[in-house]
Amino acid sequence: MLSLDYVVFHGRRSEYAIEGVALVAGKLINGWRGTVYTDPVRRKAGSNEDPFVWSKKWLYSYCHTSQLRRAQSNTGFVQTGSMIFFCDFQSAKADRLKVDTVFVIGKVCPWQERAKNLPLEFASEQVSGASDAWLRHFRHGTRTPGEKGHRGLITYVADHDRKNGSFLPIGSDGQSATLELNQVFSSKTSAFVKSGLGQFRSYPRVIPKSEAVNLYDALTDLGTTRVFSILNRA
């Protein structure tokens with residue numbers, strides 16, 4: 001069955017100097033130093049980081065996931081192989097896709113019990129209660145009955161294949177890679193994508209597979225640095 005691909009909008013990201021693994025002009029560099037753009041680091045805060053790209057396995061559990069088509073359907077749904085492009089809200093309003101994270105789903109992990117017990121694969125994170133993945137991501141989906149906030153249901157784990165998987169795209173200017181909407185999308189898709197931008201809120205937009213592939217290919221151009229993993233804050 002068809003894997004659906006989405007553009008997901010968000011507010012302004014924070015910038016962090018890091019040491020990581022990246023592909024630059026076709027050359028893989030272990031110990032690459034540069035700047036990436038992610039959710040603000042919130043280790044002791046009451047809100048989560050999503051997608052969470054600071055662990056060996058990148059995670060996506062909450063941000064707009066309830067608005068994605070997750071139930072199995074003959075017309076397609078979010079599953080292994082789906083591509084999620086996280087883009088800046090304000091840039092999209094100006095007809096530009098500023099993409100900070102390309103998240104290709106490698107595995108779908110249902111929670112053992114909604115808002116209570118993490119997926120079996122990550123149960124040890126909940127038991128220890130000390131990892132960054134727990135403190136900055138997973139714990140924010142656990143809730144007591146009636147408590148407001150995210151209620152963990154499914155965690156998507158990124159595909160880290162360096163040819164066709166997930167990465168943080170950095171343009172030649174050192175910023176998150178930016179493309180004009182009409183560079184990669186038809187006028188019909190561009191209009192539909194922009195229809196997801198309200199005055200104060202945004203809504204994910206499913207994009208045709210061929211145009212998702214166009215966007216992915218454009219972001220893997222040799223002029224774009226692809227960060228595959230974060231090793232340390234620099």
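Pairs are defined by a Cβ separation below 8 Å, a sequence spacing of at least 6 or placement on different chains, a first member in the stretch 216-229 that is over 12 Å from His160 (Cα atoms) and without any contact (Cβ under 8 Å) to a residue 12 or more places away in the chain, and a second member that is among the polar types (S, T, N, Q) and surrounded by fewer than 19 Cβ atoms within 10 Å (Cβ to Cβ); no pair meets this definition. Checked against (1) modelled with pLDDT under 95; (2) touching a strand residue (DSSP E or B) at 6+ places or on another chain (Cβ under 7 Å); (3) of a type outside the set (Ser, Thr, Tyr), Leu231 passes all but condition (1). Any idea which residue in the stretch 11-30 is modelled with the highest pLDDT, counting only those that are of a type in the set (Lys, Arg) and within 30 Å of Phe200 (Cβ to Cβ)? Here the answer is Arg13. In the stretch 201-209, the condition of being over 17 Å from Tyr6 (Cβ atoms) and not in a strand (DSSP E or B) is met by no residue.
Taking (1) more than 20 Å from the chain's Cα centre (by Cα); (2) within 21 Å of Met83 (Cα to Cα); (3) crowded, with 20+ Cβ neighbours inside 10 Å in turn, Leu179 satisfies each apart from (1).
Listed by position, the strands (runs of 3 or more DSSP E) contained in the stretch 66-173 that have at least 1 residues being of a type in the set (Ser, Thr, Tyr) are 96-110, 154-158.
Applying the selection to the stretch 204-231, what residues are of a type in the set (A, V, I, L, M, F, W, C) and under 27 Å from Ser55 (Cβ atoms)?
At the first step, the residues of the stretch 204-231 found to be of a type in the set (A, V, I, L, M, F, W, C) are 206-207, 212-213, 215, 218-219, 222, 227-228, 230-231.
Hits for the stretch 204-231 are Ala212, Leu215, Leu219, Val227, Phe228, Ile230, Leu231.
Selection of the stretch 119-163 for residues being more than 16 Å from Trp58 (Cα to Cα), hydroxyl-bearing (Ser, Thr, Tyr) and modelled with pLDDT of 95 or more yields Ser124, Thr142. Candidates Val78, Val99: the one that is surrounded by 17 or more Cβ atoms within 10 Å (Cβ to Cβ), in contact (Cβ under 8 Å) with a residue 24 or more places away in the chain, more than 22 Å from Arg13 (Cα to Cα) and in contact with a strand residue (DSSP E or B) (Cβ under 9 Å, 6 or more places away or on another chain) is Val78.
Listed residues Val8, Val104; which is surrounded by 21 or more Cβ atoms within 10 Å (Cβ to Cβ), over 15 Å from Gly165 (Cα atoms), touching a helix residue (DSSP H, G or I) at 6+ places or on another chain (Cβ under 9 Å) and modelled with pLDDT of 95 or more? Can you show your working first?
Working: Val104 fails: over 15 Å from Gly165 (Cα atoms).
After applying the criteria, what remains is Val8.
Being in contact with a Phe, Trp or Tyr (Cβ under 6 Å, 6 or more places away or on another chain), surrounded by fewer than 21 Cβ atoms within 10 Å (Cβ to Cβ) and acidic (Asp, Glu) is the requirement here; does Glu113 meet it? No, not satisfied. Every condition in (1) in contact with a helix residue (DSSP H, G or I) (Cβ under 9 Å, 6 or more places away or on another chain); (2) of a type in the set (Asp, Glu); (3) over 22 Å from Trp58 (Cα atoms) is met by Asp221 except one, and the failing one is (1). Looking at (1) loosely packed, with under 14 Cβ neighbours inside 10 Å; (2) under 22 Å from Tyr6 (Cβ atoms); (3) not basic (Lys, Arg), find the lone condition where Pro119 falls short. With (1) loosely packed, with under 14 Cβ neighbours inside 10 Å; (2) under 22 Å from Tyr6 (Cβ atoms); (3) not basic (Lys, Arg) applied to Pro119, the lone miss is (1).
Of all the residues in the stretch 192-211, those that are surrounded by fewer than 19 Cβ atoms within 10 Å (Cβ to Cβ) and either in contact with a Pro (Cβ under 9 Å, 6 or more places away or on another chain) or of a type outside the set (S, T, N, Q) (or both) number 10. Restricting attention to the stretch 11-49, the residues that are under 18 Å from Gln175 (Cβ atoms) and in contact with a helix residue (DSSP H, G or I) (Cβ under 8 Å, 6 or more places away or on another chain) add up to 2.
The values are calculated or read from the model by the stated rules, or taken from the named source; none is laboratory data. In this text, all values refer to a predicted model and were calculated from it rather than measured experimentally. When we count neighbours, we look across all protein chains shown, and the Cβ atoms used for this are built from the backbone with ideal geometry, even at glycine.
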